[in-house]
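Everything below concerns the one structure shown next.
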Amino acid sequence: MYQRKDLLGLKELTADEISLILDTAVPMKEIIQRDIKKVPTLRGKSMVTLFYEPSTRTKTSFEMAGKYLSADTSSLTVSASSVVKGESLIDTGRTIEVMGTNVIVIRHQAAGAPHLLAKNVKARVINAGDGMHEHPTQGLLDLFTMREKKGDLGNLTVAILGDIMHSRVARSNIWGLTKFGAKVHVVGPSTLIPKEIKQMGVKVFHSVEEAVKNVDVINVLRVQRERQKKGLIPSLKEYAKVFGLDKKRASLAKPDALIMHPGPMNRGVEIMPDVYECEQSVVDEQVTNGVAVRMAVLYLLMGGKGVYEATN
Amino acid sequence: MKNLVAKATIMDEEKIRRALVRIAHEIVEKNKGTDNLALIGIRRRGVPLAERLARIIKEIEGATLPVGILDITLYRDDLTTLAQQPEVHKTEVNFSVINKTIVLVDDVLYTGRTVRAALDAIIDLGRPKSIQLAILVDRGHRELPIRADYVGKNVPTSKREIIEVRLKEIDGKEEVVILETTE
Amino acid sequence: MYMKQLIKGGRVIDPLNGIDGVKDILIEGKVISQVADQIAVTDQVNVINAEGKIITPGLIDMHVHLREPGLEYKETIYSGTRAAAAGGFTAVASMPNTRPVADNKAVVRFIIEQAARDGAVKVYPIGSITKGSQGEELAEIADLKEAGVVALSDDGNPVVNSEIMRRALEYAQMFNLTVIDHCEDPNLSAEGFMHEGYISTLLGLRGIPAAAEEVMVARDIILAELTESPVHIAHISTVGAVNMVREAKKRGLPVTAEATPHHFTLTDEAVIGYDTATKVSPPLRSEADKEAVLQGLKDGTIDVIATDHAPHAREEKEVEYAYAPNGMVGLETVVPLVVSQLISKGVLSWTDAVVKLSVNPAKILNIPGGTLSVGAAADLTIIDPEKEAVVDPKKFYSLGRNTPFKGWKLRGWPIYTIVNGQIVMKDGKIIE
């Protein structure tokens, strides 16, 4: 049973809770594949996406998930510039809540913002990515994809390649995978891997070749141009040369290894065209699975007699 | 604290088998054969019942009917009143329902709410020609205008009673019992 | 009011006079007139029964942000000095990062006058090292001294330019003013919100490495040696910084240091949950750093306990962790934290604690106090070492409620604060 009010991160979930979400996502995926992609489950429930960071993918994915389950969805995008002078997060959250919202999906550039919101509203809160902290639904969809393709997560070795330091996707993946006993390799430039990441139970590499050798999955992260300006990498060109995933490097993994990427991709930087177009690439399926996993999360948070109703 | 006390066994293995054989014959008879016919069992105990009906129909008619599995959780009308979200399982209808005659199969017909949900669920998969309902036990107390086309046994019950269908595939034994709740 | 007060039967801790024992203290008017084993009670005397209690020279917090002028919504001299009195302090030194900055005579005079009018305890202003605390040009230090500053600091901002720091140390020496430095290399700490380590990694909050502090501590020690001028390291918080100060002292350099109650009590684990009350500069550090601070307090490397009392308005702290201002209030919780975390656990003796909370601050700032000598101003603090209470920010006299110690049950609270012979606090309540 999923008994939490919110979904803020994978760190605090048990393997059983994660399994329940993944199990629930299986029938949800079947709905997406139907001609009539709609079930009445969340009729009369409402969901608001509150995005402080631009994101077309995650926001659309949540909105589709809500609509497939018949929830009413609205969105509120707040530009970063208005945060400072504008309304506080708590006030914005309360305003959305008193409009009758059951669940708030929040994306924010500041780590912990969803926690602040969750403490101050009765509505359910789903973290759709907070700073460098967590992106739990991305982690869940990655786990779902790996489980669907490879079976028991405990038997897998997964290499996460790229800007580990700034990646909430990496953190959510690491928490999720290690809870099931999977082996996790992280690989990237030493300036983009915090030393202490080892304490999360992963193995650190600075050579892509060594890191991906015989792994079941390579999850490639996006590298941002601003890392160059901050002096963390000399140039995207050098990054591509040393850490970009090309066919030769990818071939060191198991022959049927999955190639994953949370998107959007910097083609030719962290991943080369011949890799993301290859048969092992499951990048498109990740997107579909994202909707299924988010439907599962919405169902589990809103399907039962929620805290919101109980306390009103 | 509520207790459940077994009151009576109303069907044993043989009675269940006979009822299903009769229903299978009725289905074939009513539909004048097996053309365009498909069976869909409602999770959980409707599923083995649908599979058995398909087997019996194959024995008597030689035709293999498609069998689907329907999970109606997402269509329940009581989701907002339940304290816990029920687990969702997969709907597995690997054939098109469009223009088919669907025989929906479940173990017990009671308020009719499960069947209502199942009808919505099937229609979301496509537009069948017609939907019929096959039930092992009809215990009355309908809350919706729904009736079964094929009934294994009609059992008058009080609302305090519970009908439990136990099937080999799921429960390891084969019987239908009436239980009564006592305070 | 009685003209005479007799504090009877308490355990008197007066390190400068080598006293740790049960004594009576007689106060006449504003000064201490007698300290003896037994002083007879006469008619005109108000007797304070101090049996089982600790009597110390008035506590002095040399690192406080009173926020006035300019930031009165956070704290005022009125509220801040009452918080000080409630916390057992008879004097505080106020940091110059007000609006405008205390980099000129007018602001310093305002603070002194306002404190005389509104203050419940003594206020000693600290002037800024550079104009506007911008780290570029020296403030008019002679003027500041004349107006009454007791030390110099750009607290909140480090003096990044080593040349300016060197000249500041040289120049301040002429006026017998200690330079207090907030040691932080802003390039190394850039955009960090908490200590860099495992916790920052898992919380996804950008980290501030210990090195950001240590680089500057190292530089300041080197400059203290070069200039032969005293430098005081504010809120020391890392293993490396403590080790460097220890080594500098061994070499006889004029380096002193202070530690805050939060750095000797908490670690970065307190940040889990994103409570903005835990956001301070320097940040809450690792367990090893906390242990080093405790060791530094124990072996005398760290001279002073100061709170870095930094009140903020509720709406400023009820925001995303990244957007919250640095700082926590400390005046009203430091004494029980010292008793519970240091004295009860054997890190410090009562004498050591009084040295760090009263004797050394007076010495470093070159101000009166730190003693119970006959003829000295009657500034005293009486502490009940057995009193237990739960920290309740709603009851604070400070306008700031930003404390991570909310709900902590602590033992050893101040029960009297006496300033110039006047009882300004009794049992946690301010006497107006």
Quiz item: How high is the relative contact order of chain A, in percent, counting Cα pairs under 8 Å that sit 6 or more residues apart?
Solution: 20 percent
Quiz item: Given Cα pairs under 8 Å that are at least 6 residues apart, what percent is the relative contact order of the stretch C:38-171?
Solution: 20 percent
Quiz item: Ranked from highest to lowest mean number of other Cβ atoms within 10 Å per residue, what is the order of the peptides C:62-69, A:103-110, C:291-298?
Solution: C:62-69, A:103-110, C:291-298
Quiz item: Around residue A:49, which amide H atoms from residues at least 5 apart in sequence, or from another chain, sit under 5 Å from its own amide H, with H modelled in the peptide plane?
Solution: A:74, A:75, A:76, A:105
Quiz item: Which parts of the stretch B:132-154 would a label at residue B:22 reach, counting a residue when its backbone N lies under 12 Å from a point 7 Å out along Cα-to-Cβ?
Solution: B:136-138, B:150-154
Practice problem: Would you mind checking which residues have amide H under 5 Å from residue C:425's amide H? H placed 1.01 Å from N; only 5 or more apart, or other chain. | Solution: C:417, C:431
Exercise. Please give the calculated 222 nm ellipticity per residue for the protein assembly as shown, where each DSSP H segment of at least 4 residues contributes -39500 (n - 2.57) and the sum is spread over every residue; nearest 500 deg cm²/dmol?
Key: -9500 deg cm²/dmol
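Name the shape class, rounded, prolate or oblate, that the alpha-carbon gyration tensor gives for the stretch A:161-229, where a ≥ b ≥ c are the square roots of its eigenvalues, rounded holds for a/c under 1.5, and otherwise prolate holds if a/b is larger than b/c and oblate otherwise. Spell out each step's value before the answer.
On the way: a/c = 1.70, a/b = 1.39, b/c = 1.23.
Prolate.
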Practice problem: Quick one: dipole size for the stretch A:136-283, taken about the Cα centre, charges +1 on Lys/Arg Cβ and -1 on Asp/Glu Cβ, in debye to the nearest 20. | Solution: 440 debye
Quiz item: What dipole magnitude, in Debye to the nearest 20, does chain A give about its Cα centre under +1 on Lys/Arg Cβ and -1 on Asp/Glu Cβ?
Solution: 400 debye
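If you rank C:425, A:265 by fewest surrounding Cβ atoms within 10 Å, what's the result?
Values: C:425 27, A:265 15.
In increasing order of surrounding Cβ atoms, one gets A:265, C:425.
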Self-check item: the stretch A:163-312: equivalent-ellipsoid semi-axes (sqrt of 5 x gyration tensor eigenvalues, Cα, Å)
Solution: 30, 19, 16
Exercise. Could you tell me whether the stretch C:58-365 comes out rounded, prolate or oblate from its Cα gyration tensor? Rule is a ≥ b ≥ c as square roots of the eigenvalues, rounded for a/c under 1.5, then prolate if a/b exceeds b/c, otherwise oblate.
Key: rounded
Quiz item: Once the dipole of chain C is set up with Lys and Arg at +1 and Asp and Glu at -1 on Cβ about the Cα centre, which of C:108, C:300, C:59 lies farthest towards its positive end?
Solution: C:59
Quiz item: Taking the mean number of other Cβ atoms within 10 Å as a proxy for protection, how do you rank A:223-231, C:119-127, C:309-317, A:86-94 from highest to lowest?
Solution: C:119-127, C:309-317, A:86-94, A:223-231
Self-check item: Between the stretch A:109-165 and the stretch C:350-388, the Cα center-to-center distance that results, in Å
Solution: 53 Å
Quiz item: What are the ³J(HN,Hα) values, in whole Hz, obtained from phi via the Karplus relation 6.51 cos²θ - 1.76 cosθ + 1.60 with θ = phi - 60°, for each residue of the stretch B:155-160 in sequence order, with x given for Gly and Pro?
Solution: 10, x, 9, 9, 5, 6
Self-check item: Top positive-direction residue, dipole computed over the protein assembly as shown with Cβ charges, set C:331, A:289, A:126
Solution: A:289
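Would you please put A:36-45, A:186-195 in order of how densely packed they are, using the mean number of other Cβ atoms within 10 angstrom per residue and starting with the highest? It would help to have the intermediate numbers written out before the result.
Numbers: A:36-45: 17.9, A:186-195: 20.1.
Ranking the peptides A:36-45, A:186-195 by packing returns A:186-195, A:36-45.
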Practice problem: Please sort by residue number the chymotrypsin sites (Phe, Trp or Tyr not before Pro) in the stretch C:65-152 whose DSSP state is loop and whose Cβ has at most 15 other Cβ atoms within 10 Å. | Solution: C:73
Practice problem: Choose one of B:146, C:132, C:27: the residue whose Cα lies farthest towards the positive end of the charge dipole of the protein assembly as shown (beta-carbon charges +1 Lys, Arg; -1 Asp, Glu; about the Cα centre). | Solution: B:146
Practice problem: Could you list which residues have their amide H under 5 Å from that of residue C:207, counting only those 5 or more apart in sequence or on another chain, with H placed in the peptide plane? | Solution: C:193
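Let me make sure I get this right: for chain B, a, b and c are the square roots of the gyration tensor eigenvalues over alpha carbons, sorted descending. Under 1.5 in a/c it's rounded, otherwise prolate if a/b > b/c, else oblate. Which is it?
Values: a/c = 1.88, a/b = 1.26, b/c = 1.49.
Note, shape of chain B comes out oblate.
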Practice problem: Let me know the charge dipole size of the stretch A:1-160 about its Cα centre in debye, to the nearest 20, where only the beta-carbon of Lys, Arg (+1) and Asp, Glu (-1) is charged. | Solution: 340 debye
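Would you please give the FRET efficiency between residue C:218 and residue C:409, computed as 1/(1 + (r/R0)^6) with r the Cβ-Cβ distance and R0 = 35 Å, to the nearest 0.05? It would help to have the intermediate numbers written out before the result.
Working: r = 40 Å, r/R0 = 1.13.
Efficiency at R0 = 35 Å is approximately 0.30.
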Self-check item: Relative contact order of the stretch C:58-365, defined on C-alpha pairs under 8 angstrom at six or more residues apart (%)
Solution: 17 percent
Practice problem: With a point put 7 Å past each Cα toward its Cβ, work out how far residue B:31 is from residue C:176 in nm, to one decimal. | Solution: 10.8 nm
Practice problem: Arrange the following residues from fewest to most other Cβ atoms within 10 Å of their Cβ: C:196, C:213, A:209. | Solution: A:209, C:196, C:213
Exercise. Post the alpha-carbon centroid distance, the stretch C:395-431 to the stretch C:205-267, in whole angstrom.
Key: 30 Å
Exercise. State the Cα centre-to-centre distance between the stretch C:128-155 and the stretch B:86-121 in whole Å.
Key: 82 Å
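Computed from the coordinates by the stated procedures, all read-outs in this text should not be read as laboratory data. Computed from a prediction, not measured in an experiment: that's the story for all the values here. Every residue, glycine as well, gets a Cβ built from its backbone with ideal geometry; the counts of neighbours run over all protein chains shown.
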